[in-house]
Amino acid sequence: MNRRALLAAPLALGALSACDRFATAQPAPPSVPPLKSVAPFPIGSAVMSGQLDDPAWVALARQQVNQLTPEWEMKMEYILQSPGRMTFDAPDRIADVCAAEGVRLHGHALIWYSQGEQAFAGLDGRAFAAAFDRYIAEVAGRYRGKLVSWDVVNEPIAEDGNGLRDSHWSRALGDDGYMIRAFEQARLADPDAVLFLNDYNLENNPAKGATFLRTVERLLKAGAPIGGLGTQSHLDIEIPAGQITTLIRELGAFGLPVHVSELDASLRRERRGDFRSRVQRLEQQQARVVELAEAFMSLPARQRFAFTAWGLRDSDSWLRRDGRDDGKDQPLLFDDAGQAKPLTAAVAGVFGRG
Ligand code: XIL
């Protein structure tokens, strides 16, 4: 990130005092090179516009990442929050910061089953389709030239991996129809952006991974301009070794860019009677994240779109904001104080081999 913006940051002094505070609270971090300096592909993080006012977050982002994904504020739920008009203040701010800092921006997400039901309620056939097209044209058109890529359709596969999800989009425009239409509209609005189909649990649930692959095949055959495949990688650290490698290899077989788009790996105990120690769970976490990093590194260079974590510090994680959290989860690559941890060193080691 550049010097001018650093000097312009009104809270730069705050950043120094925050560092002092953390320095006394934490043991010296292992010396780990910045991820973006060792990886032969972009390193990304989710961002909320409020984090741009947190000098510690900004300093860490400047050091570590060269791509950002808006965590919430480029979603339909945010943009269509007020009836009759579109809200772009926060996503515009993120886009401006990316431009000023020379950081790539990945758009997330145009069409998602969990959003837009209310805003589109009451629209029938033709009106629904017109509003759908208009939304994509307005949003993707606004950020044309400002971002490199979009998650055009997010999470289309059924939770159990058995077929596609039923949603207001699929009911109005057809199971494959809404996806094909979304990709076509996105391409019209921004012909240069790489257009992604993105989903989660693809490594965790092989049946869901297989359905995703079949869906991609079908949509491509139908002519949908899918330009890349996103695997969110909210990893379940319990899954057997090898499952992540298989999925990444299968995604790679399409020859399209692959985006690890939302990496985190919760330490949370999901099962009763789970007596593993925290150390054991950290080891398990590291093994799975390293497997993902290695599988990603094994893709041909031109297919390694970016490796994105769903937040920088553990304390930034959405999992920390969820009702089941005990306040101690460590799902991300940097600790609460923004320091590297053994997991960070392991990942940097894998990327540094490239
Ligand atoms: C989550 C954000 O982290 C939360 O802040 C928000 O309230 C809900 O969405 N899959 C996705 C992301 O594609 O958009 C989700 O992000 C996490 C799961």
message: Tell me the carbon and sulfur percent of the accessible area for the chain, rounded to whole percent, probe radius 1.4 Å.
response: 53
message: Which lysines, if any, have their Cα less than 19 Å from the Cα of Lys75, not counting same-chain residues under 8 positions apart?
response: Lys146
- line: With every protein chain in place, the accessible area of Trp112 for a 1.4 Å probe, in Å² rounded to the nearest 10, comes to 50
- line: With every protein chain kept in place and a 1.4 Å probe, the residues Tyr113, Tyr143 fall, from largest accessible area down, as Tyr113, Tyr143
field: Helix-only CD estimate at 222 nm, as mean residue ellipticity for the chain, using -39500 (n - 2.57) per DSSP H run (n ≥ 4)
entry: -12500 deg cm²/dmol
query: So, counting K/R as plus one and D/E as minus one, what does the shell of residues with Cβ under 11 Å around Asn66 add up to?
result: +2
- prompt: So which aspartates and glutamates pass the test for Lys36, namely a Cα distance under 17 Å, with those fewer than 8 places away in the same chain ruled out?
  reply: Glu101, Glu262, Glu294
field: Charge-dipole axis of segment 59-195 as Lys and Arg at +1 and Asp and Glu at -1 on Cβ define it, positive-most pick from Ala100, Leu195, Gln115
entry: Ala100
Cα-based convex hull, the chain, per residue volume (Å³, whole number): 141
query: Sequence-distant or interchain residues sharing an amide H contact under 5 Å with Gly230, placed H: which?
result: Leu197, Asn198, Asp199, His259
- request: Report the accessible area of Met86, computed with a 1.4 Å probe over the heavy atoms of all protein chains in place, in Å² rounded to the nearest 10.
  value: 50
- request: May I ask for the net charge around Ile244, where only other residues with Cβ less than 13 Å from the Cβ of Ile244 are counted and Lys, Arg are +1 while Asp, Glu are -1?
  value: -4
task: Show Asp151, Asp335 ordered by accessible area, largest first, where the area counts protein heavy atoms only and the probe is 1.4 Å.
output: Asp335, Asp151
- line: Taking Asp89, Asp54 and ranking on accessible area (1.4 Å, protein atoms only), highest first, one gets Asp89, Asp54
- request: Sequence neighbours fewer than 8 away in the same chain don't count; with that in mind, list the lysines whose C-alpha is under 27 Å from Lys221.
  value: Lys208
query: Which whole-number percent gives the relative contact order of segment 49-173, counting Cα pairs below 8 Å spaced six or more residues apart?
result: 26
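The values are calculated or read from the model by the stated rules, or taken from the named source; none is laboratory data. This is a predicted model, so every value here is computed, not measured. Backbone-built Cβ (ideal geometry, glycine too); neighbour counts: all protein chains shown. The area values use the complete protein model at the heavy-atom level, side chains included, leaving out ligands, DNA and RNA. Shrake-Rupley method; radii C 1.70, N 1.55, O 1.52, S 1.80 Å.
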